[in-house]
Amino acid sequence: GPQIARVDIKLDSVNLSLLSGSAKIKGLIVGNPEGYKTPNAISVGSTSVSVSPGSLLSDKIVVHSIRIESPQITYELGPGGNNLKKIQSNVDATASDSSDKATTKSEKPGKKLQVDDVVITSGKVTLGVAALGGKVVTAPLPEIHFTNLGQGPEGITAGDLSKRIFSEITEGSLKAVAGAATDIGKGAVNEATKDIVAAYTKLSKEV
């Protein structure tokens, strides 16, 4: 949560069934880092999780699937670069810190995870360009699907899982933004507009 991404995170509800190993998460909102003006970076309508119930008491929890439905991504260019890249760097730093602590401490490690399947579908990316008179462009987020994380006995940490999911969302969002910026550029009518489009396009090439 906030410890991993280092931004505010809100949640409407979580419904759990330990007998079936299922969970439904609704109304997840990931805030923006300090200095950004849009209300949030990511808003997710619902997320479904399926877990092997028998693994909950073991050292490694087996997650059969994670399905993230209709995420709304807001891409904002700020003084420190774009907001998604900033959150990504926070997640990466947290995952690295957790790994370093695990190797230097003799304490018993926390639970590990095995995640068999992750799908992120029906998402949208919003690109707002203030210099264009408040014009907002929305582009579809390409469906994201990856599998087989933490299959070995060592598994992965929650930080590692967050890092991979956010990395995939960031990459997909930047590709969508690149297409949206190109479309805006086709209708550019002044030099200020062209400068904004060039800035977004340059950041998109970071992928």
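Given the structure, is residue 136 at pLDDT below 65, farther than 30 Å from residue 51 by Cβ, open to solvent by 60 Å² or more (accessible area, probe 1.4 Å) and not in a helix (DSSP H, G or I)? In short, no.
Among the residues of this structure, residue 62 counts as one that is free of Cβ contacts under 8 Å to residues at least 60 places away in the same chain, in contact with a Ser or Thr (Cβ under 7 Å, 6 or more places away or on another chain) and of a type outside the set (S, T, N, Q). Can you confirm whether residue 41 is in contact with a helix residue (DSSP H, G or I) (Cβ under 9 Å, 6 or more places away or on another chain) and modelled with pLDDT of 90 or more? Yes, satisfied. Residue 157: within 23 Å of residue 179 (Cα to Cα), modelled with pLDDT under 95 and open to solvent by 30 Å² or more (accessible area, probe 1.4 Å), yes or no? Taking the combined requirement at face value, the residue does not satisfy it. Give the residues of the stretch 139-182 that are part of a helix (DSSP H, G or I) and over 11 Å from the mean Cα position of the chain (by Cα), sorted by residue number. Matches in the stretch 139-182: 158, 159, 160, 174, 175, 176, 177, 178, 179, 180, 181, 182.
Can you spot a residue in the stretch 17-31 that is assigned to a strand (DSSP E or B), exposed (fewer than 13 other Cβ atoms within 10 Å of the Cβ), in contact with a strand residue (DSSP E or B) (Cβ under 9 Å, 6 or more places away or on another chain) and free of Cβ contacts under 8 Å to residues at least 24 places away in the same chain? Yes, that holds for at least one residue.
Checked against the criterion of being open to solvent by 20 Å² or more (accessible area, probe 1.4 Å) and among the β-branched types (Val, Ile, Thr), the candidates 61, 73, 42 yield just one match: 61.
Flag: residue 49 matches the condition of being assigned to a strand (DSSP E or B) and closer than 19 Å to residue 149 by Cβ.
The values are calculated or read from the model by the stated rules, or taken from the named source; none is laboratory data. Owing to the predicted nature of the structure, the values given are computational and were not obtained by experimental measurement. In this analysis, Cβ positions are derived from the backbone assuming ideal geometry, glycine residues included, and neighbour counts consider all displayed protein chains. Quick note on the areas: whole protein, heavy atoms, side chains included, nothing else; ligands and nucleic acids left out. Shrake-Rupley method; radii C 1.70, N 1.55, O 1.52, S 1.80 Å.
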